[in-house]
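Working notes, beginning with the structure itself.
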Amino acid sequence: MAPRIVVYVLIIFLLSPLRAEAAAKRIVSLYPGHTDNIVALGGERQLVAVSKNDDDDMLPKLPRFSAKSGAEEILALKPDLVLTRGLAERQNPQLRSVLERAGVRVVSIEPPRWDEFSSYLLELAALIGSDPAAAEAKLKNIRGTIASEAAKKSGGKGPVVFVEATAKELHTCSPDSWAAKLVELAGGRNAAPDARAIRKGSAIAPYGLERILKAAAAGNIDIYLIQQGTMNASNMKTLVSRPWYPAIKKIKTAVVPEGELSRPSLLGLEAGGRRLIKIFYGE
């Protein structure tokens with residue numbers, strides 16, 4: 001049993017009568033993945049502010065904070081929980097201590113890996129007072145639906161897919177990353193299974209133009225996916241303008257928003273799965 005699940009079970013066993021009372025009612029989310037999952041678990045009305053990195057159409061009427069926003073701005077909303085992640089804390093190292101001195105609970109949760117996502121949802125459900133069983137059931141249903149639809153359409157042989165994570169030095173997704181696992185769930189086969197993460201735990205891996213062109217020339221790439229977002233501003237126009245584009249011109253290409261391909265969230269999982277199936281197999 002994963003460590004987070006053990007902790008969660010102990011908390012529920014000891015404090016289950018108090019779970020509803022302890023649930024946060026005014027939440028500031030400083031990471032888009034947390035926001036997405038709170039909304040997916042039914043906690044939309046508990047959010048009083050979100051991150052500036054959240055998608056533009058995600059709760060557009062709520063205030064938005066950057067990782068470097070001041071504590072005063074946040075405290076003005078009278079939150080009882082601020083959800084963040086390690087990267088945001090490193091960018092604003094004084095924020096936690098100021099908020100906690102003011103009596104605000106601050107919880108930092110790292111974006112979960114694919115096989116940690118269930119325990120992450122349980123932890124989040126406990127914080128917002130959502131039904132943990134419903135959270136797990138929703139995850140199981142979404143993954144099952146994607147896998148089933150992909151199996152029907154692929155006929156047992158999905159496309160070989162290369163994911164461009166960043167155009168700079170042509171990084172791809174590491175084989176155990178969220179993006180790679182989602183491509184696999186949708187029936188795709190990773191064109192870069194030999195890629196190695198740039199550092200331990202990283203979702204991106206250096207790959208390089210030479211290896212891509214070699215795979216393309218050998219017919220070992222069926223689809224070239226561009227992950228578009230904060231890490232990679234590329235699009236079809238910039239891809240076509242690259243001097244080596246003629247070498248992959250006959251390969252099917254597509255752009256996928258970073259939030260749908262690489263963000264660990266129920267909303268991204270569902271939308272990303274649908275999009276990949278449409279790209280891989282058509283309507």
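The values are calculated or read from the model by the stated rules, or taken from the named source; none is laboratory data. Not measured: the values here are computed from a predicted model. When we count neighbours, we look across all protein chains shown, and the Cβ atoms used for this are built from the backbone with ideal geometry, even at glycine. Keep in mind that these areas ignore ligands, DNA and RNA; they rest on the heavy atoms of the full protein, side chains included. Shrake-Rupley method; radii C 1.70, N 1.55, O 1.52, S 1.80 Å.
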Expected output is a single nm value to one decimal: the length gained when fully extending between Lys152 and Ala254, i.e. 0.36 nm times separation in residues minus the C-alpha distance. What is it?
34.5 nm
Within a Cβ distance under 15 Å of Leu267, other residues only, what is the Lys/Arg minus Asp/Glu net charge?
-4
Could you work out how far apart the two model spin labels at Arg64 and Arg199 are, taking each label as a point 7 Å from the Cα in the direction of the beta carbon, and quote it in nm?
2.8
Nearest 5 percent is fine: what portion of the DSSP beta bridges confined to segment 145-262 is antiparallel?
30
Gaussian network model of the chain, Cα springs within a sub-10 Å range: biggest mean-square fluctuation belongs to which of Gly156, Gly188, Gly86?
Gly156
Label zone at Ala217 (point 7 Å along Cα-to-Cβ), backbone N below 14 Å, segment 247-266
247-248
Cα centroid of segment 57-116 to Cα centroid of segment 149-198, whole Å
32
Assuming 0.36 nm per residue, please report the length gained on full extension of the stretch Arg101 to Ser241 beyond their Cα-Cα distance.
45.1 nm
Among (i) 1.06; (ii) 1.01; (iii) 0.94, find the value of Rg/Rh (Cα atoms, Kirkwood Rh) that was calculated from the structure presented, and write down its label.
(ii)
Which of the residue pairs Lys152/Lys250; Lys250/Lys278; Lys25/Lys140; Lys52/Lys200; Lys52/Lys181 have a Cα-Cα distance greater than 22 Å in the structure shown?
Lys152/Lys250; Lys25/Lys140; Lys52/Lys200; Lys52/Lys181
37 °C / 0.692 mPa s Stokes-Einstein diffusion coefficient of segment 79-144, Kirkwood radius on C-alpha pairs, µm²/s:
246
Normalized C-alpha radius of gyration of segment 55-203, against 2.2 N^0.38 Å?
1.31
Would you calculate a helix-derived [θ] at 222 nm for the chain, using -39,500 (n - 2.57) for each DSSP H run of n ≥ 4 and dividing by the full residue count, to the nearest 500?
-12000 deg cm²/dmol
Using 0.36 nm per residue of separation minus the Cα-Cα distance, give me the extension gain between Glu72 and Lys52 in nm, one decimal.
5.5 nm
Of the residues Leu239, Leu81, Leu266, which exhibits the maximal mean-square fluctuation in a Gaussian network model of the chain defined by a 10 Å Cα contact cut-off?
Leu239
Normalised by the empirical 2.2 N^0.38 Å for globular proteins, what value does the Cα Rg of segment 34-133 take?
1.06
Restricting to bridges with both residues inside the chain, how much of the DSSP beta-bridge set is antiparallel, in percent to the nearest 5?
20
Student exercise, the chain dipole from Lys, Arg, Asp, Glu Cβ charges, in Debye to nearest 20:
560
Hey, can you find the accessible area per residue of segment 160-283 for me, probe 1.4 Å, expressed in square angstrom?
47
Scan segment 71-165 for trypsin sites (Lys or Arg not before Pro) in coil per DSSP, keeping those whose Cβ has at most 15 other Cβ atoms within 10 Å, and list them by number.
Arg113, Lys157
Highest GNM mean-square fluctuation, the chain, Cα pairs closer than 10 Å: which of Pro246, Pro159, Pro264?
Pro246
Report, to the nearest whole %, how much of the accessible area of the chain belongs to carbon and sulfur atoms, 1.4 Å probe, protein only.
55
Kirkwood Rh over alpha-carbon pairs of segment 212-272, then Stokes-Einstein at 37 °C and 0.692 mPa s: what D in µm² s⁻¹, rounded to an integer?
259
Do me a favour and compute the ellipsoid semi-axes for segment 136-283 from its Cα gyration tensor, root of five times each eigenvalue, largest one first, whole Å.
24, 17, 14
